[in-house]
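Visitor: Sharing a structure below in structure tokens format, with a few things to ask.
The values are calculated or read from the model by the stated rules, or taken from the named source; none is laboratory data. Given the structure is predicted, the values throughout are model-derived calculations rather than measurements. Methodologically, a virtual Cβ is constructed for each residue, glycine included, from the backbone with ideal geometry; neighbour enumeration extends over all protein chains shown.
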Amino acid sequence: MSTQTFKVAGMTCQHCVASVQEELGELPEVTNVEVSLDNGDVTVTSENGISEEAASAAVQEAGYTVAEWNRS
């Protein structure tokens with residue numbers, strides 16, 4: 001399993017959270033998506049990791065942007 005964390009800008013309500021979770025959850029190999037409305041953190045768990053490009057595209061499809069990647 002691989003876990004990736006990043007911040008998403010522009011989320012203001014639970015509908016925003018649900019949209020981001022839905023789009024990221026549709027990516028192949030994604031097994032879990034956790035979104036924190038309070039600080040914009042998104043944690044994606046997947047079988048072998050997902051590309052930053054794929055995650056960014058999914059977040060954009062939901063109507064938001066990736067603000068910062070946690071690369072630690």
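Visitor: In region 40-72, what residues are among the hydrophobic types (A, V, I, L, M, F, W, C), part of a strand (DSSP E or B) and surrounded by fewer than 16 Cβ atoms within 10 Å (Cβ to Cβ)? Before you say what the answer is, go through the steps one by one.
Guide: The initial filter retains those residues of region 40-72 that are among the hydrophobic types (A, V, I, L, M, F, W, C), namely 42, 44, 50, 54-55, 57-59, 62, 66-67, 69.
Of the ones still in play, those that are also part of a strand (DSSP E or B) are 42, 44, 66-67, 69.
Those that are among the hydrophobic types (A, V, I, L, M, F, W, C), part of a strand (DSSP E or B) and surrounded by fewer than 16 Cβ atoms within 10 Å (Cβ to Cβ): Ala67, Trp69.
Visitor: For region 11-31, how many residues are of a type in the set (Ser, Thr, Tyr) and either at pLDDT below 95 or farther than 21 Å from Met1 by Cα (or both)?
Guide: Restricting attention to region 11-31, the residues satisfying the condition of being of a type in the set (Ser, Thr, Tyr) are 12, 19, 31.
With either at pLDDT below 95 or farther than 21 Å from Met1 by Cα (or both) added as a condition, the list becomes 12, 19.
Selection size over region 11-31: 2.
Visitor: Would you please name the residue that is modelled with the highest pLDDT, looking only at residues in region 43-66 that are hydrophobic (A, V, I, L, M, F, W, C) and closer than 10 Å to Thr3 by Cα?
Guide: Val44
Visitor: Given the criteria touching a Ser or Thr at 6+ places or on another chain (Cβ under 7 Å), under 17 Å from Glu68 (Cα atoms) and either at pLDDT 95 or above or in a loop (DSSP other than H, G, I, E, B) (or both), does Glu34 qualify?
Guide: Details: touching a Ser or Thr at 6+ places or on another chain (Cβ under 7 Å): yes; under 17 Å from Glu68 (Cα atoms): yes; either at pLDDT 95 or above or in a loop (DSSP other than H, G, I, E, B) (or both): yes.
When the stated conditions are applied, Glu34 passes them.
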